[in-house]
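*Asks:* Sharing a structure, written as structure tokens. Questions coming.
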Amino acid sequence: MDGNGRWARQRGKKRVMGHKAGMERARGVAEYCSEQGVKVLTLFAFSSENWQRPQEEVSFLMDLFATSLNNESKKLHKNNVRLRIIGDHGRFDPALRQAIDKAEALTGDNDGLTLLIAANYGGRWDILQAARRLAEAGKEMTEASLAGQLTTSGCPEPDLVIRTGGEMRISNFLLWQSAYSELYFAEELWPDFDEDAMARALGEFARRERRFGKTGEQLKS
Ligand code: IPE
Ligand code: MG
């Protein structure tokens, strides 16, 4: 979800107002995905590198995160959404950790949309923590055993990765999991990424030929 700050600056507002608008857009996109039958939606909300932003912006984002968890979780539960926060929770303050645990516990048995929020997340960190767990348990490292220890374990790998805001890079998102994902870069800034923009992304995805290393001819036979 990239482009919140630029969206706000373009309107002569403070960057944090862009995050507020971005949060509302996240709610809209999650509802749309739920209606469209998407099984898993992962939103990259805060990277492990985002702590380097100005203190005021980091505090605002943490407050917005806690408030949104407390305000939205009942509605998510009512909509049969299973919420999981992936990332290193260790750096969050105790109140936020408690809000996370409560929201995950409330929605844990739902079987509609699985909504993963990546917060204090980094793709390299995810691979490293998975490898460490296997090593500590003295388990053999295979692709399957490592994938089983990633924060996304139990979820399918993403079919489609969308980055808004015009930048064409992965920025330490789901590095292992997106090995065969289709990538889609949208010019819209995240607060402008509406249902039509999402539908265009899904439409483009439907037209892609996914070969997974095979030839086009093999897929047709
Ligand atoms: C949102 O967009 C991503 C978050 C870290 C919350 P940005 O805050 O990166 O917005 P731009 O890229 O500065 O416009
Ligand atoms: Mg950005």
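*Asks:* Among the numbered conditions (1) outside any loop (DSSP other than H, G, I, E, B); (2) under 25 Å from Lys20 (Cβ atoms); (3) among the hydrophobic types (A, V, I, L, M, F, W, C), tell me where Leu134 comes up short.
*Replies:* Here Leu134 clears every test but (2).
*Asks:* Which condition from (1) away from ligand 2 (no atom under 16 Å from the Cβ); (2) touching a Pro at 6+ places or on another chain (Cβ under 7 Å); (3) farther than 24 Å from Pro158 by Cα is the one that Trp7 breaks?
*Replies:* So Trp7 meets the others, but not (1).
*Asks:* For segment 137-144, does any single residue satisfy the condition of being among the acidic types (Asp, Glu), more than 26 Å from Asp111 (Cβ to Cβ), in contact with a helix residue (DSSP H, G or I) (Cβ under 8 Å, 6 or more places away or on another chain) and at pLDDT 95 or above?
*Replies:* Yes, that holds for at least one residue.
*Asks:* Next question, about the same structure. Tell me which of these Lys39 doesn't satisfy, since it passes every other one: (1) crowded, with 18+ Cβ neighbours inside 10 Å; (2) away from ligand 2 (no atom under 14 Å from the Cβ).
*Replies:* (1)
*Asks:* Related question: I'd like the full set of residues that are surrounded by 20 or more Cβ atoms within 10 Å (Cβ to Cβ) and closer than 19 Å to Met23 by Cα, limited to segment 174-187.
*Replies:* Ala186, the sole residue that qualifies.
*Asks:* Suppose the filter is farther than 21 Å from Ala201 by Cα and open to solvent by 90 Å² or more (accessible area, probe 1.4 Å); does Gln55 pass it?
*Replies:* Judged against the criteria, Gln55 is a match.
*Asks:* Does Gly90 satisfy being within 22 Å of Phe173 (Cα to Cα), more than 16 Å from ligand 2 (Cβ to nearest atom) and out of contact with any Cys (no Cβ under 6 Å at 6 or more places or on another chain)?
*Replies:* In short, yes.
*Asks:* Continuing with this model, one more query. Residues being within 16 Å of ligand 2 (Cβ to nearest atom) and either open to solvent by less than 70 Å² (accessible area, probe 1.4 Å) or touching an Asp or Glu at 6+ places or on another chain (Cβ under 6 Å) (or both): count how many of those fall in segment 16-31.
*Replies:* Adding up the residues that qualify gives 8.
*Asks:* Within segment 110-117, identify whether any single residue is touching a Cys at 6+ places or on another chain (Cβ under 7 Å), more than 16 Å from ligand 1 (Cβ to nearest atom) and open to solvent by less than 50 Å² (accessible area, probe 1.4 Å), and answer yes or no.
*Replies:* yes
*Asks:* Let me ask something additional. In this structure, is Ser34 in contact with a strand residue (DSSP E or B) (Cβ under 9 Å, 6 or more places away or on another chain), open to solvent by 20 Å² or more (accessible area, probe 1.4 Å), among the hydroxyl-bearing types (Ser, Thr, Tyr) and within 16 Å of ligand 2 (Cβ to nearest atom)?
*Replies:* It is false that Ser34 is in contact with a strand residue (DSSP E or B) (Cβ under 9 Å, 6 or more places away or on another chain), open to solvent by 20 Å² or more (accessible area, probe 1.4 Å), among the hydroxyl-bearing types (Ser, Thr, Tyr) and within 16 Å of ligand 2 (Cβ to nearest atom).
*Asks:* Additional query: Considering only residues that are touching a residue at least 24 places away in the same chain (Cβ under 8 Å) and either loosely packed, with under 15 Cβ neighbours inside 10 Å or touching a Leu at 6+ places or on another chain (Cβ under 8 Å) (or both), which ones fall in segment 118-128?
*Replies:* Residues satisfying the conditions are Ala118, Gly123, Arg124, Asp126, Ile127.
*Asks:* Something else now. If Ile85 meets every condition in (1) within 18 Å of Phe173 (Cα to Cα); (2) within 16 Å of ligand 2 (Cβ to nearest atom) apart from one, which number is that one?
*Replies:* Among (1) within 18 Å of Phe173 (Cα to Cα); (2) within 16 Å of ligand 2 (Cβ to nearest atom), the lone unmet condition for Ile85 is (2).
*Asks:* Given the criteria out of contact with any Leu (no Cβ under 8 Å at 6 or more places or on another chain) and aliphatic (A, V, I, L, M), does Val40 qualify?
*Replies:* no
The values are calculated or read from the model by the stated rules, or taken from the named source; none is laboratory data. Here the structure is a predicted model, which is why all the values come from computation and not from measurement. FYI the Cβ positions are ideal-geometry reconstructions off the backbone, even for glycines, and counts take in every protein chain you see. Ligands, DNA and RNA are stripped out before the accessible areas are found, and what is left, the full protein with its side chains, is counted by its heavy atoms. Shrake-Rupley method; radii C 1.70, N 1.55, O 1.52, S 1.80 Å.
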